[in-house]
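Chemist: If you scroll down you'll find the structure; I have some questions about it.
The values are calculated or read from the model by the stated rules, or taken from the named source; none is laboratory data. Just so it is clear, the structure is predicted and the values come from calculations on it, not from any experiment. Neighbour counts run over all protein chains shown; Cβ positions are idealised from the backbone, glycine included.
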Amino acid sequence: MTPLRRAGLAVVLLPLFAPPARAIDRYLSIGGGASASNSQISLENNIFFWQKVLADAGLGGAAHDIYFASGTGARRARDVVFNDPNASVPRVNELMATLMDRQDDLFLSYRQNQVAAARGPANRRAITQWFERVGPTMAGGDRLILYFTGHGGKGNPARNTTMDLWNDNPMTVRDLTALLDRLSPRVRVVLIMVQCHSGGFGDVIFRDAVAGGPLTPARRCGFFATSHDRLAAGCTPDVNEKDYHDYSTSFFAALDGRTRTGDPVAACDYDGDGRVSFAEAHAYTQLTSDTIDIPITTSDTLLRSFSKTTSRSTPGLLSPAAPYPRLLKLATPAQCAVLDGLSQQLSLAGDDRAKAARETADAIDRERRAIDRDRNRVNREAGQLRNAVRYQVRARWPELSNAYHPKVESILHDQGDAVVRMIESDPDFKRMQELEHQVKDMDDQSSGLEKKWAKCQRFLQTLDTVALAANLEKVAPANVVRKYHEVLEEEADTLTSRP
């Protein structure tokens with residue numbers, strides 16, 4: 001072979017021995033409300049916190065496409081609502097809002113979003129175009145991490161829940177699944193979703209998002225604030241981030257090692273391997289989040305679709321009511337941390353902790369129902385008094401019956417002091433205020449009890465997951481078992497452990 005031919009051969013062979021392209025991660029974040037009235041500032045701050053977490057992990061320069069509320073540019077709206085700490089409301093307006101039962105939104109202000117990196121609005125067209133434009137550029141082994149911070153709704157059917165989009169129809173689980181199906185099945189997908197009813201999106205692991213049906217060949221996992229049939233915590237117009245308690249507040253803090261306000265978090269590397277996985281961040285949230293959330297994952301969804309804890313045809317299945325030490329031996333380190341931690345928080349002890357947790361939950365439920373009955377009674381009485389005071393005010397200023405009457409502004413401006421005196425001197429108004437304070441106290445009591453009840457459910461759910469995982473190989477076909485371990489592998493990954 002001549003030297004020229006040898007050189008030519010080398011030119012041909014070099015590409016054959018070139019190293020494979022490095023897999024990359026892309027980030028897609030979608031947030032905001034369907035309109036300005038429910039596009040709370042906490043949703044915007046969630047985007048900023050996620051950007052900080054990525055930057056702290058050395059991923060600040062990664063491809064991160066953000067679609068938030070009305071987007072950016074000249075056409076964006078005043079699409080963020082917040083409680084303005086500097087707002088000044090005349091006393092007459094405050095009292096009239098109280099009588100009309102509209103005081104909750106009296107101190108709200110609106111501004112354009114400040115998500116400078118946003119590529120566009122969080123609507124169906126923009127998200128679909130992203131999958132059409134960016135999706136084909138993603139190769140096998142690449143990973144898409146999709147974060148949704150917004151609102152969600154119930155589904156029809158029940159598990160086909162939704163994510164709200166800006167000035168648009170909501171996107172359902174099946175809608176999103178159809179978009180994910182446009183990606184190569186070898187593209188790994190991680191969902192992090194904080195909206196109400198977000199657990200329905202765990203069904204992305206099924207073909208066409210039909211729970212219990214054939215599993216998709218695509219590699220997908222997800223972490224969700226709560227189950228498909230429950231509301232979630234968060235979404236507040238408050239500007240103080242110390243008061244934020246949504247799912248991603250805890251989940252991202254675990255990944256970052258610091259809270260959104262900069263405080264260090266308790267150790268959550270539960271298996272001691274020197275890193276915090278998504279699954280461990282989820283466990284940290286289950287353990288430490290003081291909210292009504294009952295978080296779930298895609299592996300939870302799979303187990304509850306294919307595994308069992310009782311079966312006539314398969315005797316000897318492990319029950320979540322089995323002795324606690326036996327269940328603990330089968331649990332992962334993260335699950336052990338959740339079970340032991342919640343046991344301590346709920347004062348659960350002994351071998352039959354499932355029974356103890358159920359009894360605690362039932363006692364909490366009874367107490368809540370009693371408080372809610374009293375609350376409803378007090379609230380009705382307050383409402384009757386409110387109507388009585390409202391009648392007296394409207395009898396003297398009938399124009400105030402219609403907030404849009406042209407004389408309302410002049411009445412409130414020129415005769416505001418007289419309106420205030422009439423309302424504040426009315427004994428029914430003073431009694432109404434006393435009752436409303438009672439209602440607020442009872443609301444706080446009921447909310448605190450619901451948070452404790454939710455922790456009982458997290459404990460019971462984790463016991464159930466341990467038992468279902470132990471039984472899966474006995475009741476499910478081999479392909480389901482393989483898929484389960486594949487999902488676990490994806491959930492056990494981290495932000496930075498890429499090949």
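Chemist: Restricting to strands (runs of 3 or more DSSP E) lying wholly in the stretch 77-162: which have 1 or more residues that are in the same structural domain as Y247 (by TED's automatic domain parsing) and buried (at least 21 other Cβ atoms within 10 Å of the Cβ)? Can you show your working first?
Modeler: Details: elements: 80-83, 108-111, 118-120, 143-150.
Where strands (runs of 3 or more DSSP E) fall fully within the stretch 77-162 and carry at least 1 residues being in the same structural domain as Y247 (by TED's automatic domain parsing) and buried (at least 21 other Cβ atoms within 10 Å of the Cβ), they are 80-83, 118-120, 143-150.
Chemist: Which of the residues belonging to the stretch 294-307 are within 21 Å of D256 (Cα to Cα) and not polar (S, T, N, Q)?
Modeler: P295, I296
Chemist: Here's something else I'd like to know. Looking at D290 and the list (1) acidic (D, E); (2) under 30 Å from I192 (Cβ atoms); (3) in a helix (DSSP H, G or I), which single condition is not satisfied?
Modeler: D290 satisfies every listed condition except (3).
Chemist: Could you please let me know if D428 is more than 30 Å from K355 (Cβ to Cβ), surrounded by 14 or more Cβ atoms within 10 Å (Cβ to Cβ) and acidic (D, E)? Talk me through it step by step, then tell me what you get.
Modeler: Working: more than 30 Å from K355 (Cβ to Cβ): yes; surrounded by 14 or more Cβ atoms within 10 Å (Cβ to Cβ): yes; acidic (D, E): yes.
It is true that D428 is more than 30 Å from K355 (Cβ to Cβ), surrounded by 14 or more Cβ atoms within 10 Å (Cβ to Cβ) and acidic (D, E).
Chemist: Would you mention how many residues in the stretch 290-323 are surrounded by 20 or more Cβ atoms within 10 Å (Cβ to Cβ) and free of Cβ contacts under 8 Å to residues at least 60 places away in the same chain?
Modeler: Residues meeting the conditions: 0.
Chemist: Here is a further query. Quick check on the stretch 387-425: of everything there that is assigned to a helix (DSSP H, G or I), free of Cβ contacts under 8 Å to residues at least 24 places away in the same chain and within 43 Å of the chain's Cα centre (by Cα), which residue is surrounded by the most Cβ atoms within 10 Å (Cβ to Cβ)?
Modeler: Only one residue tops the list, namely V408.
Chemist: Look through K474, K440, K452 and report the one residue that is within 18 Å of R375 (Cα to Cα), among the basic types (K, R) and surrounded by fewer than 22 Cβ atoms within 10 Å (Cβ to Cβ).
Modeler: On the way: K474 fails: within 18 Å of R375 (Cα to Cα); K452 fails: within 18 Å of R375 (Cα to Cα).
Residue meeting the stated conditions: K440.
Chemist: So which residues in the stretch 331-381 are free of Cβ contacts under 8 Å to residues at least 60 places away in the same chain, assigned to a helix (DSSP H, G or I) and in contact with a Lys or Arg (Cβ under 9 Å, 6 or more places away or on another chain)? Break it down into steps so the answer makes sense when it comes.
Modeler: Of all residues in the stretch 331-381, those free of Cβ contacts under 8 Å to residues at least 60 places away in the same chain come to 340-341, 344, 347, 349-352, 355-356, 359, 362-363, 366, 369-370, 373, 376-377, 380-381.
Next cut, assigned to a helix (DSSP H, G or I) only: 340-341, 344, 355-356, 359, 362-363, 366, 369-370, 373, 376-377, 380-381.
Once the filter is applied, which keeps residues that are free of Cβ contacts under 8 Å to residues at least 60 places away in the same chain, assigned to a helix (DSSP H, G or I) and in contact with a Lys or Arg (Cβ under 9 Å, 6 or more places away or on another chain), the stretch 331-381 yields only E381.
Chemist: For Y247, state whether it is in contact with a Ser or Thr (Cβ under 8 Å, 6 or more places away or on another chain) and either of a type in the set (K, R) or farther than 22 Å from A211 by Cβ (or both). Break it down into steps so the answer makes sense when it comes.
Modeler: Working: in contact with a Ser or Thr (Cβ under 8 Å, 6 or more places away or on another chain): yes; either of a type in the set (K, R) or farther than 22 Å from A211 by Cβ (or both): no.
Criteria not met by Y247.
Chemist: Farther than 28 Å from A158 by Cβ, part of a loop (DSSP other than H, G, I, E, B) and modelled with pLDDT under 95: does that describe A322? Step through it out loud before you land on a result.
Modeler: Numbers: farther than 28 Å from A158 by Cβ: yes; part of a loop (DSSP other than H, G, I, E, B): yes; modelled with pLDDT under 95: no.
It is false that A322 is farther than 28 Å from A158 by Cβ, part of a loop (DSSP other than H, G, I, E, B) and modelled with pLDDT under 95.
Chemist: Could you give every pair whose Cβ atoms fall below 6 Å, whose first residue belongs to the stretch 22-48 and is over 30 Å from L183 (Cα atoms), and whose second residue is in a loop (DSSP other than H, G, I, E, B) and among the hydroxyl-bearing types (S, T, Y), counting only separations of at least 6 or pairs across chains?
Modeler: Once the first residue is over 30 Å from L183 (Cα atoms) and sits in the stretch 22-48, its partners that are in a loop (DSSP other than H, G, I, E, B) and among the hydroxyl-bearing types (S, T, Y) give Q40/T236; S42/T236; S42/Y244.
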